[in-house]
Amino acid sequence: MNYRIAIVEDDQNIRHIVATYLEKEGFEVDLFDNAEDGLKLWHENPPHMWILDIMLPGMDGYAFCKKIRKTSDVPIIIISAKDEEIDKIIGLELGGDDYLTKPFSPRELVARVRRLFARSYQNIKVENENYIQSGKLSIDEDARKVTWNNQVIEVTVKEFDLLVMLAKNPERAFSREELLTHVWGNDYFGSDRAVDDLVKRIRKKIPDINLETVWGHGYRYSDQEEIK
């Protein structure tokens, strides 16, 4: 699924810098310099997320956010030069899911976008116990489909089973023996080096995956974003 994000920001430089970073991460982006045009998009083809400035010409971001929240729980990230605590409280009370003060790091914004998508999309999928959303990693167990950062990854049966076990238990360290038993079964009598080979193949297919080696023990998957 390709997520589409609408940015409503009257500063052209900020608008295009944010768009560039998001597009590099695989997101589709719509750009607006005023809330009125943003509302037209909302009525015609609503996006999956809004990134919204507060101080806009015409209708301000607070009023825009309030209008959206009357009919939808779509994720909204507010970006603003207004850095007083009261400004943040108003923005969040009107329905913003996150508030980022200018100036900000585009990498931090991208990380917040990912976290909010993971949280919001997981909530939508709550009725499907066989769907896993963990950071950039999504796994549909029913369809046996793996995606990373919205891109489908072709995996083998054993790669799939290993990813499912790790993604269901982020931050937990599994021993090689535990992983071997889960993927190959109790009747397997081969070397636990088979786990290492499987992890190498997954890392080759998904170079950015945070699949950590726990020395002398096994492996751990982390869904935490690292902001550089």
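Checking the conditions here, which among 139, 153, 132 is of a type in the set (A, V, I, L, M) and modelled with pLDDT of 90 or more?
153
Which of the residues belonging to segment 15-41 are surrounded by 19 or more Cβ atoms within 10 Å (Cβ to Cβ) and either touching a Phe, Trp or Tyr at 6+ places or on another chain (Cβ under 7 Å) or assigned to a helix (DSSP H, G or I) (or both)?
Across segment 15-41, the qualifying residues are 15, 18, 19, 22, 27, 35, 38.
For segment 84-103, check the following and say yes or no: at least one residue is part of a strand (DSSP E or B) and either of a type in the set (D, E, K, R) or not assigned by TED's automatic domain parsing to the domain that holds residue 21 (or both).
The answer is yes; a qualifying residue exists.
Within segment 162-209, how many residues are surrounded by fewer than 15 Cβ atoms within 10 Å (Cβ to Cβ), hydrophobic (A, V, I, L, M, F, W, C) and within 27 Å of residue 133 (Cβ to Cβ)?
The qualifying residues number 1.
Given the residues 47, 57, which is the only one that is part of a loop (DSSP other than H, G, I, E, B) and either within 22 Å of the chain's Cα centre (by Cα) or buried (at least 16 other Cβ atoms within 10 Å of the Cβ) (or both)?
Only one candidate passes the filter, namely 47.
Condition check: farther than 23 Å from residue 47 by Cα and either among the aliphatic types (A, V, I, L, M) or surrounded by fewer than 15 Cβ atoms within 10 Å (Cβ to Cβ) (or both). Does residue 103 satisfy that?
In short, yes.
Between residues in segment 155-183 that are among the basic types (Lys, Arg) and residues that are not in a helix (DSSP H, G or I), which pairs lie under 7 Å by C-beta distance while being six or more apart or on different chains?
Matching pairs, first to second residue: 168/132; 172/220; 176/192; 176/218.
Scanning for something over 19 Å from residue 28 (Cα atoms) and touching a residue at least 40 places away in the same chain (Cβ under 8 Å), does segment 40-52 turn up at least one residue?
no
Can residue 63 be described as assigned by TED's automatic domain parsing to the domain that holds residue 111 and surrounded by 17 or more Cβ atoms within 10 Å (Cβ to Cβ)?
In short, no.
The values are calculated or read from the model by the stated rules, or taken from the named source; none is laboratory data. Predicted model only: the values in this text are computed from it and were never measured. Every residue, glycine among them, receives a Cβ derived from its backbone with ideal geometry; neighbour counts consider all protein chains shown.
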